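Down below is the structure, laid out as structure tokens.
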Amino acid sequence: MVPDTFGAVTLLVVAERAAALVPAFQAFLLTCSLPGDPVGSLGREGHRLATEFDCLHGWVADSPGAPGFETERSCLLTALSYHRMIVHDALRLTFPKVRTARTDSLRAALGEHSTLTADLLDLPARLGRA
């Protein structure tokens, strides 16, 4: 009998794709954090990233969980949700209905990195060793 590795392979493929998005995600946040008026293409890039993170999240959520990979699956789902949420928050701060000192302050902090981004970068290696 062949072991069911579909869930583990799905996790690895999604983790690799998500890790490949991190440089664009970081560049997007850095650009959003800059003072002044943003360029219009920044909104499209944010939408593209949010959609990609959302699709990857859906793929993992809809796939059967692989036995023994519950922690990695949970970590990946959390990291994908976080990155999607941060992109949406960055868009709201970068293109606010009303610009205030508070929104500018929050916007300037967008370039700071999270441990969840490090987790996302580390997941493909963790899954590949398993």
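Please verify whether residue 90 is within 26 Å of residue 44 (Cβ to Cβ) and of a type outside the set (Lys, Arg), treating the condition exactly as stated. Give the steps one after another, and end with the answer.
Working: within 26 Å of residue 44 (Cβ to Cβ): yes; of a type outside the set (Lys, Arg): yes.
Here the answer is yes, as residue 90 does meet what is asked.
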Report whether or not residue 18 is touching a residue at least 60 places away in the same chain (Cβ under 8 Å), more than 19 Å from residue 90 (Cβ to Cβ) and either in contact with a Phe, Trp or Tyr (Cβ under 6 Å, 6 or more places away or on another chain) or buried (at least 17 other Cβ atoms within 10 Å of the Cβ) (or both). no
For the range 36-75, what are the residues that are in contact (Cβ under 8 Å) with a residue 40 or more places away in the chain and of a type in the set (Ser, Thr, Tyr)? 63
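Report whether or not residue 30 is closer than 23 Å to residue 122 by Cβ, of a type outside the set (Gly, Ala, Ser), out of contact with any Pro (no Cβ under 8 Å at 6 or more places or on another chain) and at pLDDT 95 or above. Lay out the reasoning, then the answer.
Values: closer than 23 Å to residue 122 by Cβ: yes; of a type outside the set (Gly, Ala, Ser): yes; out of contact with any Pro (no Cβ under 8 Å at 6 or more places or on another chain): yes; at pLDDT 95 or above: no.
Against the criterion (closer than 23 Å to residue 122 by Cβ, of a type outside the set (Gly, Ala, Ser), out of contact with any Pro (no Cβ under 8 Å at 6 or more places or on another chain) and at pLDDT 95 or above), residue 30 does not qualify.
Select, from 64, 35, 23, the only residue that is farther than 16 Å from residue 127 by Cβ, out of contact with any strand residue (DSSP E or B) (no Cβ under 9 Å at 6 or more places or on another chain), outside any helix (DSSP H, G or I) and not charged (D, E, K, R).
After ruling out the rest, the residue left standing is 35.
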Can you work out which of the residues in the range 25-60 that are in contact with a Leu (Cβ under 6 Å, 6 or more places away or on another chain) and among the small types (Gly, Ala, Ser) is surrounded by the most Cβ atoms within 10 Å (Cβ to Cβ)? 46
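Can you pull out every residue in the range 89-122 that is hydrophobic (A, V, I, L, M, F, W, C) and more than 17 Å from residue 79 (Cβ to Cβ)?
Just the residues of the range 89-122 that are hydrophobic (A, V, I, L, M, F, W, C), to begin with: 90-91, 93, 95, 98, 101, 106, 108-110, 116, 118, 120-121.
Matches in the range 89-122: 91, 93, 95, 98, 101, 106, 108, 109, 110.
The values are calculated or read from the model by the stated rules, or taken from the named source; none is laboratory data. Since the structure is predicted, the reported quantities are computational estimates derived from the model, not experimental observations. Every residue, glycine as well, gets a Cβ built from its backbone with ideal geometry; the counts of neighbours run over all protein chains shown.
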